[in-house]
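Here's the structure we're looking at; comments come further down.
The values are calculated or read from the model by the stated rules, or taken from the named source; none is laboratory data. Everything numeric here is computed off the predicted structure, so don't read it as measured data. A quick note on method: Cβ atoms are made from the backbone with ideal geometry, for glycine too, and the neighbour counts reach across all protein chains shown. What goes into the accessible areas is simple: the full protein's heavy atoms, side chains included, and nothing from ligands, DNA or RNA. Shrake-Rupley method; radii C 1.70, N 1.55, O 1.52, S 1.80 Å.
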Amino acid sequence: AIAAEYSRRSYVKYITAYAMSQDIMQARNSDAYKGCGLLIIDEIGRGFETESEKKRFFDLVDYRYANLSPIIFCGNVKKEDLREIVGEAVADRMGENMSFITLTGKSRRQNG
């Protein structure tokens with residue numbers, strides 16, 4: 001719903017953390033993700049594992065932070081585990097303006 005509303009006025013890019021990590025490493029930069037209006041990164045706990053991936057991810061988050069460009073992070077991540085997953089510097093930037101929304105209810109991915 002957020003992406004649909006935002007897309008009325010600006011470009012929205014949705015991607016999984018793993019796919020983004022692969023793109024960033026292949027391109028050797030994160031430029032493809034700097035220009036969109038809203039960036040949505042799903043499965044945040046499943047990407048950016050090597051130091052090189054983490055550095056390029058930080059560069060992207062830092063760029064978007066400095067340019068007031070919004071990012072939505074999605075994933076099955078507990079708030080207290082976020083710092084360990086994304087790193088100290090990224091967590092600091094996220095924490096300054098972050099709202100943490102926890103969805104509850106039955107998983108739609110599970111059978112039965």
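Details
- Close pairs (8 angstrom Cβ cut-off, 6 or more residues apart or separate chains): within 20 Å of CYS74 (Cα to Cα) in segment 24-42, open to solvent by less than 20 Å² (accessible area, probe 1.4 Å) and hydroxyl-bearing (Ser, Thr, Tyr) anywhere: ILE24/SER30; ILE24/TYR33; LEU39/TYR33
- Selection status of PHE58, in contact with a helix residue (DSSP H, G or I) (Cβ under 6 Å, 6 or more places away or on another chain), of a type outside the set (Lys, Arg), under 17 Å from GLU84 (Cβ atoms) and not in a helix (DSSP H, G or I): no
- Residue in segment 62-72 that is open to solvent by less than 30 Å² (accessible area, probe 1.4 Å) and touching a Phe, Trp or Tyr at 6+ places or on another chain (Cβ under 7 Å) present: no
- Residues within segment 28-41 that are open to solvent by 30 Å² or more (accessible area, probe 1.4 Å) and within 19 Å of TYR14 (Cβ to Cβ), tallied: 4
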